[in-house]
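For reference, the structure is listed below as structure tokens.
The values are calculated or read from the model by the stated rules, or taken from the named source; none is laboratory data. All figures in this text were calculated on a predicted structure; none of them were measured in a lab. No Cβ is skipped: glycine too gets one built from the backbone with ideal geometry, and neighbour counts run over all protein chains shown.
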Amino acid sequence: MKRVQDYFLYFVFYSIIGWIYEVFLEVVVYRWGFSNRGALFGPYCIVYGFGAVILLLTLSGLMKKKIKLGPVNITPLLVFVGIIVITTVIELIASYIMEFTLGGWQWDYTRFSFNFQGRIALNPSVRFGIGGMVILYLLHPLVRRFTERTSERMQRVTALVCLAVLAADCVHFVLKNWL
């Protein structure tokens, strides 16, 4: 149960980080102005949370290996390619889920080369690869150390509060969009 709780907290944390990243791009980089970049009301993009947790679950074992091509360790390159493939598939699936539930998805990659229906494209996939490397090799070790140093009671309370907030937000989403 503790492991499920940890991964739920990782999910929430990376969902919030994803929302911050999306808002930063929209406001600072593209200068389009602010809009809530998540499908839900709160400041989180759950696709980033799911993506990060899936990356942690699928690529942690590969990261521990030392795969060499001659004298060169190519494990980080394989992890990078794995991140690109996994996040691209997640983004494609998310676009179909959003289209089914909301009537459309929140991004349009038609202006990028090598795009598929504006849902996925090479440029954002490479950016997700870079972001995934930052998460897996730099950010997550810090997050894991922080959670290990936090009391189990504090973690449990935080997880329960986050679960309640997300559940309420999901109920709000269903009432707003389907009823």
ask   = For Thr110, are the conditions met, namely being polar (S, T, N, Q), out of contact with any His (no Cβ under 6 Å at 6 or more places or on another chain), farther than 19 Å from Ala52 by Cβ and not in a helix (DSSP H, G or I)?
value = yes
message = Out of Ile97, Ile54, Ile83, Ile16, I need the residue that is within 30 Å of Thr158 (Cα to Cα), hydrophobic (A, V, I, L, M, F, W, C) and touching a residue at least 40 places away in the same chain (Cβ under 8 Å). Which one?
response = Ile83
task = Output the number of residues of the stretch 102-136 satisfying the condition of being surrounded by 14 or more Cβ atoms within 10 Å (Cβ to Cβ), over 18 Å from the mean Cα position of the chain (by Cα) and farther than 30 Å from Trp178 by Cβ.
result = 1
query = In the list Thr101, Thr150, which residue meets the criterion of being over 26 Å from Val79 (Cα atoms), at pLDDT below 90 and of a type in the set (Ser, Thr, Tyr)?
reply = Thr101
query = If you go through the stretch 100-113 one residue at a time, how many are without any contact (Cβ under 8 Å) to a residue 12 or more places away in the chain and either under 30 Å from Gly61 (Cα atoms) or of a type outside the set (Asp, Glu) (or both)?
reply = 6
ask   = Of everything in the stretch 17-30 that's buried (at least 19 other Cβ atoms within 10 Å of the Cβ) and not aromatic (Phe, Trp, Tyr), which residue is modelled with the lowest pLDDT?
value = Glu22
inquiry  = Go through (1) crowded, with 16+ Cβ neighbours inside 10 Å; (2) at pLDDT 90 or above for Val157 and report which single condition fails.
reply    = (1)
